[in-house]
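Okay, so here's the structure we're looking at.
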Amino acid sequence: MLQLRILSALIGMPLIILIVWLGGFYLLFFTGLVIIIATWEMFKMFTSLNLSPFFWLALVGNLLLLSSAYFKLNQAGIITLLGIVFFVFLIIFYPKYTLLDGALGLAAMLYLSFFLYFYLLDSLPKGGFWLIFLLLNVWATDTTAYFSGKSFGRRPLAPLISPRKTVAGAVGGIAGGLVVTLIFILFYPFLPKLAVLFLGLLISVVAQISDLSASIFKRQAKVKEAGKIIPGHGGILDRFDSLFFTSPLVYYYVTFFLKTGG
């Protein structure tokens, strides 16, 4: 398992870095692909609970939101419209679809839509730089959390949500993210040191919160992994869950506190 995990990372990480470097349509396509597969994985977990959320409506909704990001349309208005459409569908198809089905579908769509900020980050000044910073920080957090948890983990972090996560793993993950941040500050002395150091700390903490949020869905569905598309890592949700909360975090932090983008 560990060998597969390492091999997948050695192939996948450079590929994602290349996509970020190319930006534009390639990044748009990649973001859309992640959202499509993650939506399918999410709704597959729901159907295992004998629930029937609006899969196609959520998928179309997120792709519409991605299109609005590309064309720079009013996303708040589109989210409001989609919320109304969910209730209209519920009225039309009730009682085949219940209020719980509609609520789960709407919640899943909103949760997965956070990944849109991964694409939106590229629109900021030096957006590609901040995307690389985000990715390396998240990967370092995930990797050091995994190995420090394996080596030193004794006390569970959130046993009811993810029994394998430990306090030692969480601390190790934060340490790994901070090391990457310090390396960036060392190689890019123009960066505002304290602001970027605090951002690195926030990314490491929020990445683990984002990871736990995805674990809630898996715990509720009583599955270990959301999918099996990535050897050694599971599904798209398993591999990209740390980016769902950290992408909007970096977007707004850079927008409001690092306005020059570096």
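No value in this document is a laboratory result; all are computed from the given coordinates. Being a predicted model, the structure only gives us computed values, none of them experimental. In this analysis, Cβ positions are derived from the backbone assuming ideal geometry, glycine residues included, and neighbour counts consider all displayed protein chains.
A few notes on this one:
- Estimated dipole of the chain in Debye, rounded to 20 [Cβ of Lys and Arg +1, of Asp and Glu -1, Cα centre]: 540 debye
- Multiplying the residue separation of Leu18 and Leu202 by 0.36 nm and subtracting their alpha-carbon distance yields 63.7 nm.
- Full extension of the segment from Arg219 to Arg164, taken as 0.36 nm per residue of separation minus the current Cα-Cα distance, would add 18.6 nm.
- Over the residues of the chain, the helix contribution to mean residue ellipticity at 222 nm works out to -25500 deg cm²/dmol, using -39500 (n - 2.57) for each DSSP H run of at least 4.
- Sequence of Val180, Val223 once ranked by neighbouring C-beta atoms within 10 Å, starting from the fewest: Val223, Val180
- In a reduced charge model with +1 at each Lys and Arg Cβ and -1 at each Asp and Glu Cβ, region 162-262 shows a dipole moment near 240 debye about its Cα centre.
- Nearest 10 degrees, 0 to 90: helix 193-221 Cα axis against the chain principal axis: 40 degrees
- Angle in degrees between helix 167-187 and the longest Cα principal axis of the chain, rounded to the nearest 10: 60 degrees
- Contour minus Cα-Cα distance for Gln75 and Leu194 (0.36 nm per residue): 39.6 nm
- Relative contact order of region 113-193, pairs being alpha-carbon contacts under 8 Å that are 6 or more residues apart, as %: 27 percent
- Computed label-point distance, nm, for sites Ile183 and Val60 using a 7 Å Cα→Cβ extension: 4.5 nm
- Among the listed values (1) 50; (2) 42; (3) 46, the one matching percent of Cα pairs over 25 Å apart as calculated from this structure is (3).
- Of the residues Gly12, Ala175, Gly83, the one whose Cα sits farthest toward the positive end of the charge dipole of region 2-257, with +1 on the Cβ of Lys and Arg and -1 on the Cβ of Asp and Glu, is Ala175.
- Förster radius 30 Å - calculated FRET efficiency between Ser8 and Leu100 (Cβ-Cβ, nearest 0.05): 0.25
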